[in-house]
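The values are calculated or read from the model by the stated rules, or taken from the named source; none is laboratory data. Fair warning: this is a prediction, and the values are worked out from it, not measured in the lab. Because the Cβ atoms are built from the backbone with ideal geometry, glycine has one as well, and the counts that use them run over all protein chains shown. Only protein heavy atoms, including side chains, enter the accessible area calculation; ligands, DNA and RNA are left aside. Shrake-Rupley method; radii C 1.70, N 1.55, O 1.52, S 1.80 Å.
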Amino acid sequence: MGETGHHHQQQPPPVLVAPPRSQMPLGAARGPIWTPTEQLHQLQFCIHSNPSWPETFLLAFQHYIVMLGSIVIIASTFVPRMGGDHGDKARVIQTMLFMAAINTLLQTILGTRLPTVMTASFAFTLPVLSIINDYSDRTFRSEHERFEVTMRTIQGSLIVSSFVNIFIGFSKAWGNFTRFFSPIVIVPVVCVVGLGLFARGFPLLGNCVEIGLPMLILLVISQQYLKRVFPRAHNILERFALLLCIGLIWAFAAILTESGAYNNAKEQTKQSCRTDRTFLISSAPWVRIPYPFQWGKPIFRASHVFGMMGAALVTSAESTGTYFAAARLAGATPPPASVISQSIGLQGVGMLLEGIFGAAVGTTASVENVGLLGLTHIGSRRVVQISTAFMFFFSIFGKFGAFFASIPLPIFAAIYCVLFGIVAAVGITFIQFTNNNSLRNIYVLGLSLFLGISIPQYFISNTTPNGVGPVRTDGIWFDDIVNTIFSSSPTVAIIVGTLLDNTLDAKYSVDDRGLAWWRPFQSRKGDSRNEEFYSLPVRIREYIPSRYL
C-alpha cells in the first residue's frame, strides 16, 4: 500500500458482512412481502354500500338466476321418483322458491345480516330417498297419491327435525361450538364448501359438452379478459357478463334444439341439451300461491325423522362455512359466535315453515350465490334482499318462473365451475393470519382438507341409486344419520379440523394458529366493527332478551 501526502497509511475498504441467515427470510430480497389484510380492497360495494337502483335490480335478478339451478336439479331428481308428474314438479319448484325467498329475508334481516341467499339443500338427499323407497313397494290408487303421501311424510320429518336447529341455535350451543374454531379450521371448512360440490360442476357440464363448455369458456373470456380489452365496458362486463353469457348460450341451445340436432340422440342427452324437455312451461299454473299443508296433513314417522335430523345438522355445518366465505366477500368481519347461533336458530325456523308449506327439502346458505359476490365484486346486502322480490314473483306467477327454470342444467354447471372455485379460494385466504411455516399447521390443514373430500367421496361412491349408503345396520334411522353426516364435506372437515386443532399442541401453538387475530371477532363487542356489520335493523335488539344475544 502506498502513503498519502499526509503520510497516513490508506485504510483498506470495509468488508461487507452478510447478516445472519436467521435475520433474512428466504426470498425476502426477491420481492415485496404482502401483509395480512382483514378485508378485501377490490370490492366495489361492501355489505352496507349499494350500487345504483337500476344496477341493483339487474344484480338481484342475476342472484335469482344463479340460485334457481339447485332448486330445479333437486325437483327434477326427486319428484319423478315420488310418482309426481310435470305439474307436480312445477308446484314443488314454486314452493321451494317461495320458501327460499322467506328464508333469505329472515337471514338478511334478523340472522347473520350477511348477503347470503338461502336455497334448497342437497344434504337432504339420503333422508328423502329413504322416504321415497319406503313407499315405492306399497300399493296406491295412483302415482299422484304416492307422490302426495311421500310429500306429507317429508313435511312431517322437516317439522320435527327443524327443532334440532332451533335448539342448537337459540340455546347458543352451536355458537359455543364455533368458539373452538381458529383460522386453521376455517381454511379447510370454507375450501371444501366449494370443492365438495365438484360433482355439480364439470361432471354435470359433461352431460352436454356442446352447451356447457362454450358457456364456461365464454364466461371466463367475457368476464375476465374482455373487460380489459374494452375499458369503457369494464363495469358492465364485470357485473353482468354472466347474464349476457346465459342469454347467448341459451339461445344457441334453442337453435340446436329447433334444428333437430338432438332428434336421434340418447334420452339422457335430450334431457340435458334440449330446451323443451323440462315441460315446465306447459304444466305450470299461471298464478298459484303456495299455502300451508298444500299436500295434506303431515305424516310423522320416527324412522324418517331421525334421518332428517342428521341432514339438519349437516346444513348447520354447511351454512357456517358459507357464512364465513360471505363475510370475507362482503367486506365484513368474521361473524361472531352469537350471530352464527341466531342464524342457525332462524334456519330451524325456516325449516319449520318449509315443513308446514310442503317443500321437498330444507334450505341452506347458497354457495353459488356467495361465489357471485366475488365474481361481481359486489357484496351489497340490499342486492340480495331485492332478489327475494324476483323469487316471490316467479314462485307465484308460475308460467314466467317456469320459463327461466327451463334453462338447460349444463349452463348452470358451467357457472358453478367458476363460482364454487371462487368460494374454495376464499377459504385459502384465511391462512394468511396463521404461521404458514408451521409443520403442525400444515399437518392439520392437509389432513382436514384431504379427509374432508375423501371420506364423503367414499360414502357417495358406495351409495346405491336408491340412497342406501355404506353404513348398513338393522336400524335404518341410524344408517341415514351416519351416511348423511359423513357424505357432507364441510361437516367432515369441521369434525376433523376442530379435533386436531384443539388437541395437537394447542396450548403451545396459540400464535401459530392465529388466535390473537381471531379471538376479538368471536364476541360481538370484541371488535368495534362487529356492531357495524351485524347489528339488527331499527331497534329490534332492544326487544330481544339479552340471554338470546
Inset, instruction - Return the total of residues in region 414-434 being under 17 Å from LEU515 (Cα atoms), touching a helix residue (DSSP H, G or I) at 6+ places or on another chain (Cβ under 6 Å) and open to solvent by 10 Å² or more (accessible area, probe 1.4 Å). - result: 3
Inset, instruction - Evaluate region 310-325: report whether one residue or more is of a type in the set (Asp, Glu) and open to solvent by less than 10 Å² (accessible area, probe 1.4 Å). - result: no
Inset, instruction - Check THR463 against each of (1) within 30 Å of ASP134 (Cα to Cα); (2) of a type in the set (Val, Ile, Thr); (3) outside any loop (DSSP other than H, G, I, E, B) and name the one condition it does not meet. - result: (3)
Inset, instruction - State which residue is surrounded by the most Cβ atoms within 10 Å (Cβ to Cβ) when the search covers only region 137-170 and only residues that are among the hydroxyl-bearing types (Ser, Thr, Tyr) and without any contact (Cβ under 8 Å) to a residue 60 or more places away in the chain. - result: SER142
Inset, instruction - Look through ALA389, ALA337 and report the one residue that is in contact with a helix residue (DSSP H, G or I) (Cβ under 8 Å, 6 or more places away or on another chain), closer than 26 Å to ARG113 by Cα, among the small types (Gly, Ala, Ser) and open to solvent by 20 Å² or more (accessible area, probe 1.4 Å). - result: ALA389
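Would you check if ILE460 is at pLDDT below 85, among the aliphatic types (A, V, I, L, M) and open to solvent by 70 Å² or more (accessible area, probe 1.4 Å)? Steps first, please.
Working: at pLDDT below 85: no; among the aliphatic types (A, V, I, L, M): yes; open to solvent by 70 Å² or more (accessible area, probe 1.4 Å): yes.
So ILE460 does not fit the description; no.
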Legend entry - Check on THR498, touching a residue at least 60 places away in the same chain (Cβ under 8 Å), in contact with a Pro (Cβ under 7 Å, 6 or more places away or on another chain), outside any loop (DSSP other than H, G, I, E, B) and not acidic (Asp, Glu): no
Inset, instruction - Inspect region 217-231 for any residue being within 30 Å of PRO54 (Cα to Cα) and of a type in the set (Gly, Ala, Ser) and give the result as yes or no. - result: yes
Inset, instruction - Could you pull out the residue among ILE481, ILE442 that is closer than 26 Å to SER130 by Cβ and among the aliphatic types (A, V, I, L, M)? - result: ILE481
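Tell me which helices (runs of 4 or more DSSP H) are completely within region 176-243 and hold 2 or more residues being open to solvent by less than 10 Å² (accessible area, probe 1.4 Å), or say none if there are none.
Values: elements: 183-195, 202-205, 209-220, 226-229.
Passing ranges, in order: 183-195, 209-220.
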Inset, instruction - Under 9 Å between Cβ atoms, at least 6 apart or on separate chains: pull out the pairs that start in region 191-213 with a residue that is under 18 Å from ALA123 (Cβ atoms) and end on any residue that is of a type in the set (Asp, Glu) and open to solvent by 30 Å² or more (accessible area, probe 1.4 Å). - result: VAL193/GLU318; GLY196/GLU318
